[in-house]
Amino acid sequence: MVRNKVRRSTLKYYAKMASEAYINDPVYCFACKNEKIRKRFIYHFLLLRLNSSKKKDIIYFDKEDRGLCIFREAHYDYTMFQFLKCPNWVFLVLYFPLTIKTLMAYSHLDNKDVFDDKTYIVSPVFVSPDHQGKGIATSLLKKGMDELLSQGYKIGLETQNPDNVGFYEKLGFKTVKSEYYKLEKIHNYYMLCEGK
């Protein structure tokens, strides 16, 4: 199911879900070692990310609200203005150092050189930890992939979790570039699906 208009209460619901789903993500672990603080930070960071997705991106929701998947244009840049429209200014003050560390880790990402302008990127996809392993993420990904690939687009993604590479390969993705960032101790895999 695709929704064009998303209420703030819905964004908060999914940001909370993301804070649980991404608690062990390598980028967020690099940004914050304390798990309790990290969970609150991820909530606010993803609330900002989801808030900026409402108009430009394509968002797929699970019918039972157990997960979501966002597809965004590979060459679409989020602006500082969108960042300043953050729904929670407390986030900008309290979590500023963690935001800088997270953005520093993400700054290595090379979307424009790896993916062409006919590519949509999966960013992000997550499922409530209570419902993981039930095929929900797969279903959401396949729905978006089927629609976008049939229109002539490619689908790209980056994952910093080596354990996820095999999952994406089963969906038709291939690793087109990989890097290791020494400072952050993070692997990054660029993956691409061009359809049949």
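The values are calculated or read from the model by the stated rules, or taken from the named source; none is laboratory data. Keep in mind that what you see is a predicted model, and the values were worked out from it rather than measured. Cβ: placed from backbone, ideal geometry, glycine included. Neighbour counts: every protein chain shown. What goes into the accessible areas is simple: the full protein's heavy atoms, side chains included, and nothing from ligands, DNA or RNA. Shrake-Rupley method; radii C 1.70, N 1.55, O 1.52, S 1.80 Å.
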Take segment 87-191, compute every pairwise Cα distance, and split them into 10 Å bins from 0; I just need the percent in each bin.
12, 38, 34, 16, 1
Can you pull the percent of the chain's accessible area that's carbon plus sulfur, 1.4 Å probe, other chains left in place?
53
Would you tell me the accessible area of residue 114, worked out with a 1.4 angstrom probe on the heavy atoms of the protein chains, in Å² to the nearest 10?
40
Just how much of residue 65 is accessible, in Å², when a 1.4 Å probe is used and the result is rounded to the nearest 10?
50
Given the options 188, 138, 128, identify the residue whose Cα lies farthest towards the positive end of the charge dipole of the chain (+1 on Cβ of Lys, Arg; -1 on Cβ of Asp, Glu).
128
Hey, got the Cα dimensions of the chain along the principal axes, in Å, largest first?
47, 39, 34
